[in-house]
Every structure is written in structure tokens, then in C-alpha cells.
Amino acid sequence: MTSEENSIDTLYIPTGLKTQKEIYSGFGKHELIQAVIGTAAIAVLDIFFALIIFNNLPVFIIALLLGIFTSVMCVQKDVTNLSVLDMIVNLYNYMRSQKKYYYKALDEWRWDQ
């Protein structure tokens, strides 16, 4: 027996590595930009409905805080590195993809058909 046969090469695959710096777990610079865009969109709708139409300041504040919370929670990634927004996009792409494949059955040994 040689020393090469005695040494077993093992492959170590690290898990949980992140390619980008994160502000906190699952929330980095890219997610921050998405959350700010989502918060801005919700704030515009909130200003329109709560202040202009209903003229109600407490509803405006509550809806704005809920909008911030919702936009952050939708873009924060979990341990599988997917966010709620990513899952919705994946589901939408799956729903639009082809699911039925029509094949013509051929005898694999005869090519002259």
C-alpha cells in the first residue's frame, strides 16, 4: 500500500456563502434598492388615497409603515437564497412556460417510417 492509497481526498463544499456584502442576513444593497423603490411606489399610492381622497392622516401613517414593512419583507432573502418576490417571478415564468410536449411515437429500430 502506498501513501496515495492511504490518503483519501475529501471535497469540502462550504454552505451559506454570500457573494455580496449584506446589511443584515438576507438583505443587501440590491434588496435595499428594491425595497426603496417598493416603498416609494406604495407611498405615492398612499398619498393619493389617504391624504387626497380621504384626508385622513392616521390612515396615511399606518399605511405607509405597513408599506415599508411589506416591501422589505418581500425582497428579503431566506436561507434558500430566494425572496418572496423571486418566488413570484419564478411562479410567473413557470406558468408561462410550455407544459405539454407532443411527440410522435416511432419504432426506434426502424427509421424508414
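Bear in mind that the values in this text are calculations on the coordinates, not laboratory data. Nothing here was measured: the structure is a model prediction, and the numbers come from that model. For neighbour counting, all protein chains shown are included, and Cβ atoms are generated from backbone atoms with ideal geometry for every residue, glycine included.
In this Cβ point-charge picture (+1 for Lys and Arg, -1 for Asp and Glu), the range 21-96 has a dipole of about 120 debye about its Cα centre. Pick the calculated log10 I(q)/I(0) by the Debye sum over Cα atoms at q = 0.09, 0.13 Å⁻¹ for this structure from (i) -0.55, -0.75; (ii) -0.35, -0.64; (iii) -0.29, -0.58? Here the calculated entry is (i). When only alpha carbons are used to place a centre, the range 35-97 and the range 8-30 end up 27 Å from one another. Positive end of the charge dipole of the range 21-96 (Lys, Arg +1 and Asp, Glu -1 on Cβ, about the Cα centre): tell me which of Val59, Gly26, Leu45 has its Cα farthest that way. With unit charges placed on the Cβ atoms, the residue in question is Gly26. Database remark: amide H of Gly28 closer than 5 angstrom to the amide H of Ile23 (H placed geometrically; neighbours at sequence offset of 5 or more, or on other chains; Pro and chain starts carry no H). Computed 3J(HN,Hα) for the range 90-105, one whole-Hz value per residue from the Karplus formula 6.51 cos²θ - 1.76 cosθ + 1.60 where θ = phi - 60°, is 5, 5, 5, 5, 5, 5, 7, 7, 6, 10, 10, 10, 9, 10, 9, 6, glycine and proline marked x. Each label was represented as a point 7 Å from its Cα along the Cα-to-Cβ direction; for Leu65 and Leu45 these points are 2.0 nm apart.
With the simple spin-label model, which puts each label point 7 Å out from Cα in the Cβ direction, the Tyr101 to Lys21 separation comes to 4.5 nm. Spacing of the modelled spin labels on Lys29 and Ile88, each 7 Å from Cα toward Cβ, amounts to 2.6 nm. Counting only pairs 8 or more residues apart or on different chains, how many lysine pairs in the chain have their Cα atoms under 19 Å apart? For the chain, qualifying lysine pairs total 5.
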